[in-house]
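K.L.:
I have a structure I would like to understand better, so I am pasting it below and will then ask my questions one at a time.
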Amino acid sequence: MRKNIHPEYKGLKIKIRNDEFSTMSTLKSGEILMDVDFREHPAWNKNVINMVNQSNKNVSDFNKKFAGLSFGSKK
């Protein structure tokens with residue numbers, strides 16, 4: 001196996017608000033400051049249901065508004 005071809009694998013600190021996590025990575029800086037807390041993001045909590053329903057409503061409204069519009073496609 002060839003030597004010295006892989007990046008250095010070292011400790012990495014991840015900071016989210018007042019919390020700090022440690023892991024390992026090849027990232028050169030050694031630290032990541034997160035501006036979005038994944039624990040509060042809608043994709044990881046119960047609010048995602050409301051977002052999906054709202055999104056479906058928006059798609060439905062769009063389809064109703066532009067139902068007769070074709071972009072050159074054959075029907």
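The values are calculated or read from the model by the stated rules, or taken from the named source; none is laboratory data. If you're wondering where the values come from, they're calculated on a predicted model, not measured in any experiment. Reconstructed Cβ throughout: ideal geometry from the backbone, glycine too, with neighbour counts over all protein chains shown.
K.L.:
Of the residues Ser70, Ser55, which is at pLDDT below 90, outside any loop (DSSP other than H, G, I, E, B) and small (Gly, Ala, Ser)? So that I can check it myself, show each step before the final result.
P.N.:
Numbers: Ser70 fails: outside any loop (DSSP other than H, G, I, E, B).
After applying the criteria, what remains is Ser55.
K.L.:
List pairs: first in the stretch 17-31 and at positive phi, second among the hydrophobic types (A, V, I, L, M, F, W, C) and surrounded by 10 or more Cβ atoms within 10 Å (Cβ to Cβ), Cβ under 7 Å, 6+ apart or cross-chain?
P.N.:
Filtered contacts from the stretch 17-31: Gly30/Leu12.
K.L.:
Write out, first by first residue and then by second, each pair whose Cβ atoms fall under 7 Å of each other, whose residues are 6+ apart or on separate chains, and whose first residue, in the stretch 40-64, is surrounded by 10 or more Cβ atoms within 10 Å (Cβ to Cβ) while the second is of a type in the set (A, V, I, L, M, F, W, C) and modelled with pLDDT under 60.
P.N.:
Pro42/Val48; Pro42/Met51
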